[in-house]
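The values are calculated or read from the model by the stated rules, or taken from the named source; none is laboratory data. None of these values were measured; they are calculated from a predicted model. Cβ placement follows ideal geometry from the backbone for every residue including glycine, while neighbour counts extend to all protein chains displayed.
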Amino acid sequence: MRSLLSTLSELVGRAFAEQGLDPAFGKVSISDRLDLCQFQCNGALAAAKIAQKNPRAIADAVVLLLRNNSVFARVDIAGPGFINFVLSDKYLGEFLGQVALDDRCGVPVFNSGDTVILDYGGPNVAKSMHVGHLRSSIIGDSVRRILSFAGYKTIGDIHLGDWGTQNGMVISELEMRHPDWIYFDKDFTGPYPSVSPVSMDDLEEIYPATSKACKEDETRLLKAQQATVDLQNKRAGYYALWQHFVTVSVLSMKRNFEVLNVHFDLWKGESSVHDLIKGMVSDLQERGFAVEDDGAVVIPVKTNEDDKKYPPLILYKRDGAVMYGTTDLATIVERVRDFNPAKIVYVVDQRQSLHFEQVFRAARLCGLVLPATELTHAGFGTMNGRDGKPFKTREGGVMKLEDLIAMGVQKAEERLSEANIGADLGEEERCDIAMKVAVAAIKFADLQNDRIADYIFDLDRLTRFEGKTGPYLLYQAVRIKSLLEKAGGVRRGAKIIPTEADRSLWLLLTELPEILGVAARNYAPHILCDHAFRLAQAFSAFYGNTHILSEPHEEQKASWLVLCHSVLAQIEHLLGLTGIDVPEIM
RNA sequence: GUUCCCGUAGCUCAGUAGGAUAGAGCACAAGUUUCCUAAACUUGGGGCCGCAGGUUCAAUUCCUGCCGGGAACGCCA
């Protein structure tokens with residue numbers, strides 16, 4: 001169904017058109033002055049210059065055409081030419097009646113199925129997931145849900161970091177520790193054992209150790225780089241060992257992502273495109289885009305359109321290894337070939353903006369994508385500690401994701417016991433509720449921030465349950481669920497009667513389509529978080545001074561129950577788009 | 001040095017293609033529970049929207065410069 005604002009804008013636009021003005025001037029928005037009106041149109045001010053008329057004169061003419069329309073209870077002019085609208089309760093009630101019956105909460109489909117590929121998550125093989133991986137996963141997952149709801153066909157790809165130097169580091173470290181392993185016997189022809197010789201715990205110890213060693217010792221680093229080249233050339237033992245790293249790491253990742261309710265359609269990685277690289281590079285060399293420079297093969301990406309200085313994108317290092325720019329470019333080739341996407345959106349740390357600028361420029365320069373294909377780096381800011389530096393635990397390390405979640409769960413469990421909620425439930429169900437509360441707290445605390453800005457990671461804030469938090473929203477939703485259950489359900493199609501007590505809340509329910517449009521256009525989940533909170537807060541105020549179940553007038557009670565139902569539906573929908581589940585009780 | 005991002009209340013942050021009186025949470029002060037879940041609600045104090053110009057009928061929002069903070073800048077990802 002159409003949104004209220006677009007319907008009103010069209011109506012007002014026609015009034016502008018009748019004066020020979022662009023109907024776009026009729027754009028209606030939510031009022032900034034709710035004390036004066038519900039909706040406003042500022043078009044008369046903008047039109048004044050073009051029409052060479054006084055804005056009030058234009059507004060007067062528009063108002064004259066609209067004043068007797070039954071949609072409005074009031075249309076008037078304020079200040080220099082703002083046109084203010086108050087809807088008739090009859091129209092508002094009828095419109096909201098349709099919203100209440102709509103399973104999309106009144107949100108139209110914005111797009112008829114263009115394919116969008118979302119690249120997010122991107123954890124590295126052989127490293128454990130820490131809080132730093134949180135943002136990419138949950139922002140990306142939310143953007144995927146938003147675009148999917150908007151009508152796009154979405155494909156979420158985790159794009160594992162599985163082909164880089166860290167693998168060579170770990171392999172060479174293992175070779176030094178266990179030279180007798182058959183993986184390092186060049187004469188061994190296989191098959192290799194099916195069980196991994198290393199566990200995730202082993203890898204968590206090995207990677208930091210080898211990483212440190214490589215930083216301190218150049219010959220150690222050379223060894224790691226050589227192992228990387230050998231791996232990329234698929235030396236049998238190394239490749240078999242690497243496959244174990246991937247299996248073990250992916251298993252651990254899946255556990256984390258399941259808890260976070262983060263979903264991927266594809267579990268591809270940098271290594272997935274390895275076989276495409278050789279052909280792609282030689283093609284680019286033949287066409288003159290890729291050139292040799294200082295022993296490496298690069299694509300100069302500086303264009304003449306601007307005088308910005310960009311380093312070239314490196315395809316092959318001097319030692320013959322490929323880099324993530326190479327795999328990212330090849331991945332574009334693969335995605336275009338397999339899915340012909342309208343957009344590819346990368347939800348990756350903002351600090352990589354230069355890298356993506358290089359990759360995107362290279363892709364366009366070499367004609368690897370159609371000009372109309374959107375390539376976007378939807379970057380996100382760094383999680384900093386209180387000192388403004390990237391977050392570290394007190395011990396100086398990074399906090400593991402599992403530990404963070406466990407802290408939240410423990411706090412939620414304490415809360416349940418204190419309030420004696422769910423005492424009659426089984427251990428498993430109580431655990432499920434605590435998990436949902438903890439995940440809501442963590443996700444909401446992160447997602448409510450504008451994606452691009454750095455933000456202060458505060459443990460207390462991530463596990464806080466009061467105020468503008470995930471648990472607050474869950475709590476409001478749960479309260480409504482409980483109330484609806486006590487009321488014995490909602491009468492579908494019940495007449496909606498706006499009153500002083502609830503009108504502002506009803507009006508809030510008309511805003512969802514535009515909110516979603518903004519969130520989808522800007523890849524901005526925080527817009528949804530903010531709106532869900534506003535809804536919950538407005539509902540809570542209403543709930544506080546209105547006793548619904550004891551209302552004697554049946555018509556009024558039925559209208560309020562529709563209100564409760566609609567608020568719940570929208571909150572659940574908004575939370576669903578951020579990947580937050582609402583429990584039945586809490 | 002070059003480029004990018006950020007600067008809004010004591011703190012953490014919103015402000016959705018420029019609009020009328022800039023909002024929320026936390027913290028602080030005072031209140032609310034014989035009644036639908038107090039993880040709640042109500043009320044209060046708190047702001048040269050970093051600074052200076054410019055564009056505009058209108059700038060927290062767009063442009064330029066400066067100041068302050070962060071980041072990236074060829075063989076890590």
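Yes or no, residue by residue, for (1) surrounded by fewer than 19 Cβ atoms within 10 Å (Cβ to Cβ); (2) more than 29 Å from A:His547 (Cα to Cα); (3) over 23 Å from the mean Cα position of the chain (by Cα):
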| position | (1), (2), (3) |
| --- | --- |
| A:Leu401 | no, yes, no |
| A:Glu414 | yes, yes, yes |
| A:Ser417 | yes, no, yes |
| A:Gly426 | yes, yes, yes |
| A:Lys443 | no, yes, no |
| A:Asp446 | no, yes, no |
| A:Ile452 | yes, yes, no |
| A:Thr469 | no, no, no |
| A:Leu474 | no, no, no |
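Taking the criterion of being closer than 22 Å to A:Val348 by Cβ and near RNA strand B (Cβ under 10 Å from one of its atoms), the only residue of segment A:435-446 that qualifies is A:Ala445. Does A:Ile480 satisfy the criteria of being surrounded by 14 or more Cβ atoms within 10 Å (Cβ to Cβ) and more than 9 Å from RNA strand B (Cβ to nearest atom)? It is false that A:Ile480 is surrounded by 14 or more Cβ atoms within 10 Å (Cβ to Cβ) and more than 9 Å from RNA strand B (Cβ to nearest atom).
For segment A:134-150, the condition of being free of Cβ contacts under 8 Å to residues at least 60 places away in the same chain, of a type outside the set (Phe, Trp, Tyr) and within 28 Å of A:Ala445 (Cα to Cα) holds for at least one residue. Scanning segment A:1-30 for residues that are among the aliphatic types (A, V, I, L, M) and assigned to a loop (DSSP other than H, G, I, E, B) yields a count of 2. Scanning segment A:107-117 for residues that are buried (at least 23 other Cβ atoms within 10 Å of the Cβ) and out of contact with any Asp or Glu (no Cβ under 7 Å at 6 or more places or on another chain) gives a single hit, A:Val116. Pairs meeting the criteria (first residue in segment A:367-391 and away from RNA strand B (no atom under 13 Å from the Cβ), second residue small (Gly, Ala, Ser), beta carbons under 6 Å, at least 6 apart or on different chains) are A:Val369/A:Ala363.
Filtered by the rule that a residue be near RNA strand B (Cβ under 6 Å from one of its atoms) and in a loop (DSSP other than H, G, I, E, B), segment A:449-461 gives A:Asn449, A:Asp450, A:Ile452, A:Ala453, A:Asp454. Restricting segment A:41-61 to residues that are crowded, with 18+ Cβ neighbours inside 10 Å, within 18 Å of A:Phe72 (Cβ to Cβ) and among the small types (Gly, Ala, Ser), the residue that is farthest from RNA strand B (Cβ to nearest atom) is A:Ala59. Residues in segment A:76-106 that are in a loop (DSSP other than H, G, I, E, B) and either buried (at least 21 other Cβ atoms within 10 Å of the Cβ) or more than 16 Å from RNA strand B (Cβ to nearest atom) (or both): A:Gly81, A:Ser88, A:Asp102, A:Asp103, A:Arg104, A:Gly106.
Residue-by-condition table, conditions (1) closer than 27 Å to A:Gln448 by Cα; (2) within 13 Å of RNA strand B (Cβ to nearest atom); (3) in contact with a Cys (Cβ under 7 Å, 6 or more places away or on another chain):
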{"position": "A:Val109", "(1), (2), (3)": "yes, no, no"}
{"position": "A:Asp114", "(1), (2), (3)": "no, no, no"}
{"position": "A:Gly121", "(1), (2), (3)": "yes, yes, no"}
{"position": "A:Met129", "(1), (2), (3)": "yes, no, no"}
{"position": "A:Arg144", "(1), (2), (3)": "yes, no, no"}
{"position": "A:Asp157", "(1), (2), (3)": "yes, no, no"}
{"position": "A:Leu160", "(1), (2), (3)": "yes, yes, no"}
{"position": "A:Gly164", "(1), (2), (3)": "no, yes, no"}
{"position": "A:His178", "(1), (2), (3)": "no, no, no"}
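The criterion of being touching a helix residue (DSSP H, G or I) at 6+ places or on another chain (Cβ under 9 Å), farther than 23 Å from A:Gly381 by Cα and free of Cβ contacts under 8 Å to residues at least 40 places away in the same chain holds for A:Ala423. Just one of the listed residues (A:Ser31, A:Ser6) is of a type outside the set (Lys, Arg), surrounded by 16 or more Cβ atoms within 10 Å (Cβ to Cβ) and within 11 Å of RNA strand B (Cβ to nearest atom), and it is A:Ser31. Of the residues making up segment A:313-328, not a single one is at pLDDT below 90, within 9 Å of RNA strand B (Cβ to nearest atom) and part of a loop (DSSP other than H, G, I, E, B). When A:Gly140 is tested against (1) surrounded by fewer than 19 Cβ atoms within 10 Å (Cβ to Cβ); (2) part of a helix (DSSP H, G or I); (3) under 29 Å from the mean Cα position of the chain (by Cα), just one condition goes unmet, and that condition is (1).
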